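Notes to accompany the following structure.
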């Protein structure tokens, strides 16, 4: 704790304002005076303050329009439904401005946005949001895919498309259930890998491996929708590896994306069938690695973690970087501790 002493009359007034103590309001910074005047209804001018300072106020449609007009890229992405509820999209010039903001390459790069954030925004966008804005989210995803690291070698991506994958990725939580399903996440990872790694092969599976062809030149959303439409049936996680072994396939990286209900294949006393098939694959591909992304982790796994196997619980856009680091052997055993220690606290 520190007790800074004000060096100017303005600082003294501002400190008093923050602490709810007596202060000279005329000496407050201009933006604070504007904010207080706006809150009291003494000024119609919307102050340029953080978004959350305004949303709790009783704002007019005109005020919401001004907020939307100057919102940051991330604020825009996260509040499209809010803008729709408050009449922002009844103004054609704002529809165009917001669509242009969302698909702006420089703004996307500055925001360091990845595809999953955009898929979530697209999935949660309600029918009141204009088609032009929804299409801009798809355009943004095509640009954001540049932030996904490219991998090396022959890659196989195995998205689980069984019936259980239709569940929300967050699980069912009152008031907090996501519109994004587990199968949407699996499809996104597969589509992103195909786009960034043209030779990647996708092996969607339920009881068996399903036959589907993805075009790397199709949009991410198109390929994701194609995979997500397959869903149904039971789950056999060893099926993709069994197929690769039947082919005597060569490969460098195999990625599974599934949910917790899938990690129950314990067909042999010495381990899962999946692990047995992985050992067969490794006998031909000594340097190959396996990544198991469990989007709804509860503590079970088909492949115990070791030097050539990485288990990832849950999902965010950070998973793409983790996979890349794992493949290049730059991911250390205490990698999560390193990630936490690397965070700078302001």
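Which ranges mark the helices (runs of 4 or more DSSP H) fully within the range 220-292 that have 3 or more residues being at pLDDT below 90 and over 23 Å from residue 327 (Cβ atoms)? If you could, list the steps in order and put the result at the bottom.
Values: elements: 220-228, 239-247, 273-284.
Qualifying helices (runs of 4 or more DSSP H): 220-228.
Only residues that are assigned to a helix (DSSP H, G or I) and crowded, with 18+ Cβ neighbours inside 10 Å: list them for the range 42-74, please.
Of the residues in the range 42-74, the ones assigned to a helix (DSSP H, G or I) are 52-55, 61-70, 73-74.
Of everything in the range 42-74, those that are assigned to a helix (DSSP H, G or I) and crowded, with 18+ Cβ neighbours inside 10 Å turn out to be 54, 64, 65, 66, 67, 68, 73.
When the range 102-119 is examined, which residues are found to be surrounded by fewer than 21 Cβ atoms within 10 Å (Cβ to Cβ) and not in a loop (DSSP other than H, G, I, E, B)?
Applying the first criterion (surrounded by fewer than 21 Cβ atoms within 10 Å (Cβ to Cβ)) to the range 102-119 yields 103-107, 109-112, 117.
Correct list: 105, 106, 107, 109, 110, 111, 117.
Take residue 83 and tell me if it is out of contact with any strand residue (DSSP E or B) (no Cβ under 7 Å at 6 or more places or on another chain) and touching a residue at least 60 places away in the same chain (Cβ under 8 Å).
The answer is no for residue 83.
Just the residues that are over 16 Å from residue 40 (Cβ atoms) and touching a residue at least 12 places away in the same chain (Cβ under 8 Å), please, taken from the range 7-28.
Within the range 7-28, 9, 10, 12, 13, 14, 24, 27 meet the criteria.
The values are calculated or read from the model by the stated rules, or taken from the named source; none is laboratory data. This one's a predicted model, so the numbers in the text were calculated from it and none came from an experiment. Cβ atoms come from the backbone with ideal geometry, glycine included; neighbour counts cover every protein chain shown.
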